[in-house]
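Inspection log for the structure reproduced underneath, given as structure tokens.
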Amino acid sequence: MNSVKKLFQATDMTVGVPWKQIVIFTVPMLIGNIAQQLYSTVDSIVVGKYVGDNALAAVGSAAPILNLLLVLFIGISMGASIMVAQYFGAKEREELSYTVGNCILLTAAAVAIIMVMAVIIVKPLLHLLHTPESIINWCASYLLIMFVGCIGSAYYNILSGVLRGLGDAFAALMYLLVATVLNILLDLLFVAKFNMGVSGVALATILAQAVSAVLCFFRLAKMTDLFDLKPQYIKLNKKFAGNIVRLGLPSGLTQAIFSMAAIIVQSLTNSFGEMFIAANVIVMRVDGFAMLPNFSFGSAMTTYAGQNVGAGSYDRVVKGAKQGTLIAALTTTTITGLILLFGRQLMGIFTNTSELVALSMRMMSIIAVGYVAMAVTQSLSGVMRGAGDTMTPMWISIFTTVIVRVPIAYGVAYFTRSAEFPAGRQECIFISLLCSWLMGALATVIFYLRGKWKDKAVA
């Protein structure tokens with residue numbers, strides 16, 4: 001009983017062997033990220049199997065726009081996680097209480113903005129991206145349901161970020177697993193039973209995410225030994241709200257830039273037709289699982305660095321950065337090898353079309369080596385963010401996305417045009433992605449070694 005109770009306690013990462021603390025914290029986050037990835041993956045499998053390849057393409061075409069409008073939540077979540085980790089490491093209860101309260105308020109404001117913006121811009125954006133007429137209505141209905149019901153997703157992401165900052169990755173995992181199972185059951189009910197199509201998977205997702213958000217809120221309300229979730233702390237405070245925005249804005253902007261680049265590249269992807277759009281969706285779903293160790297270790301390193309910077313233990317931060325990055329790279333290498341070995345079987349889950357499976361596998365093989373580079377990028381960027389330096393990772397992302405990825409994608413497409421490939425070679429999409437990942441890893445290592453991130457603490 002005590003061992004189970006211990007799993008739900010906040011983890012103090014300022015003590016113990018660094019790599020062990022990082023791994024213990026990462027494992028539930030990795031499982032949680034796998035569960036979260038299942039949301040979009042199950043959506044794709046269900047619509048691909050029960051509705052068809054065009055419905056699969058519709059869900060995939062909607063993803064860049066969905067990600068673009070959700071960047072506000074990503075920014076608040078990152079700012080909250082950094083501040084919570086540093087105040088927890090410094091054992092400052094009142095500051096921690098104000099931080100959590102302001103996160104709740106800022107999330108409510110972000111939800112209101114997103115809901116209004118979505119109704120206005122969804123359809124025009126889809127037309128701007130030259131979304132094929134055969135799937136545009138499916139895309140629009142999927143996006144509108146997701147955005148109008150985004151309050152559950154918003155609060156889960158923010159509140160789980162607070163839990164991670166406190167070192168409690170296990171509770172967030174449990175609640176996400178509950179929501180994932182619910183999502184799968186509702187997907188099958190709405191699509192397979194009620195024939196609701198793409199709208200059904202969107203509705204299933206927002207209902208399941210609302211459940212996980214409610215569970216996270218009740219968990220935080222019970223953590224009275226660490227902070228107070230009382231009305232006097234749930235009010236706007238310029239200092240804390242400002243720091244959340246200041247720390248989170250670069251991460252939000254980074255994701256916005258990623259999403260804008262994805263939208264620009266999606267326009268190029270759409271020019272290759274429905275078959276390639278569907279193949280791109282399949283690759284990105286498998287890619288989501290390949291990236292999970294990287295994102296998990298990156299988030300763990302943010303919490304680890306944040307707590308230790310708050311405690312003033314910079315030598316411990318550096319030691320943990322080396323150990324965590326090495327473990328992340330080895331983990332990613334293993335998973336990538338398994339994906340290449342069993343890739344055809346994985347991609348066959350999404351579609352019964354053998355030609356689509358072969359095309360997807362060819363594209364996946366191009367970017368495989370890039371996952372190891374991303375392990376380095378995510379781990380060291382996590383350290384810099386945890387220390388309070390969220391600007392450097394942002395500038396690196398802008399460089400690799402705007403200066404590297406987009407020009408290479410369009411450049412390769414332009415110079416490979418022919419009678420057989422009037423829009424250029426389809427490989428351009430994934431060649432550009434690989435180049436951006438490799439350049440990002442190199443730049444991240446250089447800026448991490450310069451060490452200026454050590455002067456950015458807020459606590």
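At-a-glance table
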quantity	calculated
Cα-based Rg and Dmax for region 238-348, where Dmax is the largest Cα-Cα distance (Å)	18.8, 54
Under 5 Å, built H, 5+ apart or other chain: amide partners of M196	V191
Dipole of the chain, positive direction: furthest Cα of N137, G382, N280, with charges on the beta-carbon	G382
Convex hull volume per residue for the chain, taking Cα atoms only, in Å³	132 Å³
Anisotropy class of region 305-438 from Cα gyration tensor, a/c 1.5 cut	oblate
Cα centre as origin, Lys/Arg/Asp/Glu Cβ charges: the chain dipole, Debye	960 debye
Karplus (6.51, -1.76, 1.60) ³J(HN,Hα), θ = phi - 60°, over region 206-214, in Hz, Gly and Pro reported as x	5, 5, 5, 5, 5, 5, 5, 5, 4
Within region 314-459: Cβ-based charge dipole about Cα centre, in debye rounded to nearest 20 (Lys, Arg +1; Asp, Glu -1)	420 debye
Cα-based shape type of region 73-212, given that a ≥ b ≥ c are square roots of the gyration tensor eigenvalues and the cut on a/c is 1.5	oblate
Accessible-area value, C139, 1.4 Å probe, nucleic acids and ligands omitted, Å²	0 Å²
Tail beyond 13 Å, pair distance distribution of region 17-92 (Cα, percent)	78 percent
Per-residue ³J(HN,Hα) for region 186-191, Karplus 6.51 cos²θ - 1.76 cosθ + 1.60, θ = phi - 60°, Hz, x for Gly and Pro	5, 4, 5, 5, 6, 8
Principal-axis tilt of helix 238-270 within the chain, Cα atoms, nearest 10 degrees	10 degrees
Loop-exposed trypsin sites (Lys or Arg not before Pro) per DSSP, neighbour cap 15 Cβ within 10 angstrom, longest uninterrupted part of the chain	236-416
Under 12 Å from the Cα of K452 - aspartates and glutamates, other chains or at least 8 residues apart	D389
At R0 = 22 Å, FRET efficiency that the Cβ-Cβ distance of I121 and V214 yields, to 0.05	0.15
Accessible carbon and sulfur surface of the chain relative to its total accessible area, %, 1.4 Å	68 percent
Counted charge near T416, where neighbours are those whose Cβ lies closer than 11 Å (Asp, Glu -1; Lys, Arg +1)	0
Sites excluded, chymotrypsin sites (Phe, Trp or Tyr not before Pro) in DSSP loops with at most 14 other C-beta within 10 Å, longest stretch of the chain	195-459
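The values are calculated or read from the model by the stated rules, or taken from the named source; none is laboratory data. Since the structure is predicted, the reported quantities are computational estimates derived from the model, not experimental observations. Note that we place each Cβ from the backbone using ideal geometry, even for glycine, and neighbour counts take in every protein chain shown. To get the accessible areas, we keep the full protein, side chains included, count just its heavy atoms, and leave off ligands, DNA and RNA. Shrake-Rupley method; radii C 1.70, N 1.55, O 1.52, S 1.80 Å.
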